1. What order, most packed first, do the peptides 17-23, 129-135 have when packing is the mean number of other Cβ atoms within 10 Å of each residue?
2. For the pair residue 53/residue 142, report the inter-label distance in nm, with labels modelled 7 Å from Cα in the Cβ direction.
3. Would you compute, for the Cα atoms of region 43-145, the largest minus smallest coordinate along each principal axis and list the three values in descending order, in whole Å?
4. Hey, with R₀ at 30 Å, roughly what FRET efficiency would residue 126 and residue 60 work out to, going by the Cβ-Cβ distance, to 0.05?
5. At 7 Å along Cα-to-Cβ for each site, give me the label-to-label distance between residue 81 and residue 17 in nm.
6. Remind me, relative contact order of region 64-146 in percent, using alpha carbon pairs under 8 angstrom and six or more residues apart?
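Values in this text are rule-based calculations from the coordinates and carry no lab data. Because the structure is predicted, anything quoted here is derived from the model rather than measured. So basically every Cβ, Gly included, is an ideal-geometry build from the backbone, and we count neighbours across all protein chains shown.
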Amino acid sequence: MWTLLLVRFIGSLLLMFASSLLVDWFFSGAKWVQKFYALAPEIWRPMESNDAVATQKRVVRTSLFITLGYCISFLIFYLVMRPGIVFENSVTRGIVLGVTLWLIGPVPVYATQQLFLKYPRQVTRAQIFGWLVKLIISSLIMTLMF
């Protein structure tokens, strides 16, 4: 039974990762999107070295890790939301729920924004951790009230 469950989780992780990559490519990397980048060149992060190809590969590689983290977080979220599978304690479940929602939502958005846009890292960190606190408090309130 555990082997089948593990195979399903690995299969779903691979399918989520592949579909997320295709969606990211279509909405961010396809040729039809490139014309919009030229409309506001001052907001895009400049290449950090003289080798633009190496910098672009680094950014894409980092973006892939962000996508993989999103997919793993979604699997954890699925486990947390299924009653009785992982957590019996409602407080622990609430904290893990808040953290997984944080890893699914604000972290990938702000981390990807940090990769491509001229945006101060301190502001990005403050926004990411502000969302962590908001989501943990909200999920704890909901788990303790219901």
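1. 129-135, 17-23
2. 4.8
3. 54, 25, 14
4. Details: r = 26 Å, r/R0 = 0.88.
For residue 126 and residue 60, the calculated efficiency is 0.70.
5. It is 2.2 nm.
6. Here the relative contact order equals 37 percent.
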